[in-house]
Amino acid sequence: MPNTSKNTSALQHVYFVPGLAANISIFENIKLSEEFYSVHFLEWMIPDAQETLQDYAKRLCEKIKHDNITLIGVSFGGVVVQEMAKHINVKRLIIISSVKSKHELPKRMKMARKTGIYKLLPTSLVNYVHKLEDLPVGNMVKKRARLYRTYLSVKDKRYLDWAIKQMVCWDQEEPLTEIIQINGDQDIVFPIEHIENPIVLPGGTHAMIINKYKWLNKNLPKLIENGCLD
């Protein structure tokens, strides 16, 4: 179990990185005991011109002020924390709704990389998603638009173009050792059939950080402390 001391220096520091274009509000329902943990959220930075994923990860590491931390990343944030873990001392590395090597990417992303079609995505249109709520479209579309407006607030085209490229073209061959991977069996972005030996969350979608928070609140402390659910 965690150290029961009230001394803040004894707290375990947990850093969270959100998904592509997402803001830190996706973690609003994640609650870890303040008696044992100090939680920190890393916001997306706008990448420099021609910045590599590796250099971006190093720059994000500069925001970490503690040693032997737990790093938790969601989706593309899961890729970024893996790159960060190559440069800092990490106690636990946990990825949620993400992949741990390029071999776990779905076929459509592999094809997008091969053809370069990802370069043609109209990322500038993300600024107009909220307008779907004003159109005569179905309730499901409007609900999805509201979710996008709430949680996907990073709309800078330079960031979006860069992040999509880094995700599709990520070149990690072998998974990092002792990485903990949590995937939902209903994730249509990273289908479970492409993922090797994850912790499977039944009914979990790509957005399970938002709608499966009760399971995560219960089990994240076990994973942080023991590296497993036992």
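Expressed as a whole percent, the accessible area of region 1-112 that falls on carbon and sulfur atoms is 49 (1.4 Å probe). In the complete set of protein chains, residue-level accessible area for TRP44 is approximately 30 Å², probe 1.4 angstrom. Based on the alpha-carbon gyration tensor of region 165-226 and its eigenvalue square roots a ≥ b ≥ c, which shape applies: rounded if a/c is under 1.5, prolate if not and a/b is larger than b/c, or oblate? Judged from the Cα gyration tensor, region 165-226 comes out oblate (a/c at least 1.5, b/c at or above a/b). Solvent-accessible surface (1.4 Å probe) assigned to TYR15 amounts to roughly 10 Å².
Working ranking of peptides 189-198, 202-211 by packing, defined as the average number of other Cβ atoms within 10 Å per residue, highest first, is 202-211, 189-198.
With r as the distance between the Cβ atoms of SER38 and ASP171 and R0 = 41 Å, compute the FRET efficiency 1/(1 + (r/R0)^6) and round to 0.05. Efficiency at R0 = 41 Å is approximately 0.75.
Between ASN211 and LYS63, full extension at 0.36 nm per residue minus the direct alpha carbon distance yields a gain of 50.5 nm. How many nm is it between the label spots at THR115 and ILE192, if each spot is 7 Å from the Cα in line with the beta carbon? Label at THR115, label at ILE192, 2.9 nm between them.
When ILE117, ILE30 are compared by accessible surface with a 1.4 Å probe, the order from highest to lowest is ILE117, ILE30. Structural descriptor for region 16-59: relative contact order 42 percent, calculated from alpha carbon pairs under 8 angstrom and at least 6 residues apart. Per residue, region 152-203 exposes 53 Å² of accessible surface when a 1.4 Å probe is rolled over the protein heavy atoms with every protein chain present. When region 16-101 is described by a simple charge dipole with +1 on each Lys and Arg Cβ and -1 on each Asp and Glu Cβ, the residue from GLY73, MET45, SER101 located farthest towards its positive end is SER101.
The values are calculated or read from the model by the stated rules, or taken from the named source; none is laboratory data. What you see is a predicted model, and the numbers here were worked out from it, not measured in a lab. Because the Cβ atoms are built from the backbone with ideal geometry, glycine has one as well, and the counts that use them run over all protein chains shown. Ligands, DNA and RNA are excluded from the accessible area calculation, which covers all protein heavy atoms including side chains. Shrake-Rupley method; radii C 1.70, N 1.55, O 1.52, S 1.80 Å.
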